[in-house]
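Some notes on the structure that comes next.
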Amino acid sequence: MKLICYKRCTTCKGVEKILQEKNIEYEYRNIDTENPTKEELKNWHEKSGLDIKRFFNTSGTIYRENNLKDKLEDMDLEEKYELLSTNGMLVKRPILFDGDKIFVGPDVKKYLEEK
């Protein structure tokens, strides 16, 4: 498994705790120091089957300060990938990869609790 998180995020801390309690080995990637690339985001989005909006951290400061809720409506998919790749803090977290499966945000905790 691979987990993409932010060390100060309480949801991410909770997910890590579940992984440790269940003795599940995982690779950790810190999203604020290792931004996902445009290509990675495109790949994750396509594999997940989720709406691209699910990959945006809508509760984050950067999202709100830049009024992205309104701006995203006028952007095409490539522009959204490009925007997400500029700052890891724009990306919803945690993101969990388990084989070919990808889970984002609260779906990660739900998946792990059922595992």
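Filtering segment 98-115 to residues that are closer than 16 Å to N23 by Cα, open to solvent by less than 50 Å² (accessible area, probe 1.4 Å) and not aliphatic (A, V, I, L, M) leaves D98, Y111.
The residues of segment 1-55 that are touching a Lys or Arg at 6+ places or on another chain (Cβ under 8 Å), open to solvent by 70 Å² or more (accessible area, probe 1.4 Å) and of a type outside the set (K, R) amount to a single one, E27. Against the list (1) modelled with pLDDT under 95; (2) closer than 17 Å to K42 by Cα; (3) hydroxyl-bearing (S, T, Y), the condition T86 fails is (1).
Here T11 clears all of (1) out of contact with any strand residue (DSSP E or B) (no Cβ under 9 Å at 6 or more places or on another chain); (2) in a helix (DSSP H, G or I); (3) not aromatic (F, W, Y) except the condition numbered (1). Once segment 56-71 is narrowed to residues that are in a helix (DSSP H, G or I) and in contact with a helix residue (DSSP H, G or I) (Cβ under 7 Å, 6 or more places away or on another chain), the residue that is least open to solvent (accessible area, probe 1.4 Å) is Y63. Residue under question is I31, and the condition is that it be closer than 19 Å to T10 by Cβ and either touching a residue at least 60 places away in the same chain (Cβ under 8 Å) or in contact with a Ser or Thr (Cβ under 7 Å, 6 or more places away or on another chain) (or both); does it hold? Here the answer is yes, as I31 does meet what is asked.
The values are calculated or read from the model by the stated rules, or taken from the named source; none is laboratory data. What you see is a predicted model, and the numbers here were worked out from it, not measured in a lab. Positions of Cβ are generated from backbone atoms using ideal geometry, with glycine treated the same way; all protein chains shown enter the neighbour counts. Calculation scope for accessible area: heavy atoms of the full protein, side chains included, ligands and nucleic acids excluded. Shrake-Rupley method; radii C 1.70, N 1.55, O 1.52, S 1.80 Å.
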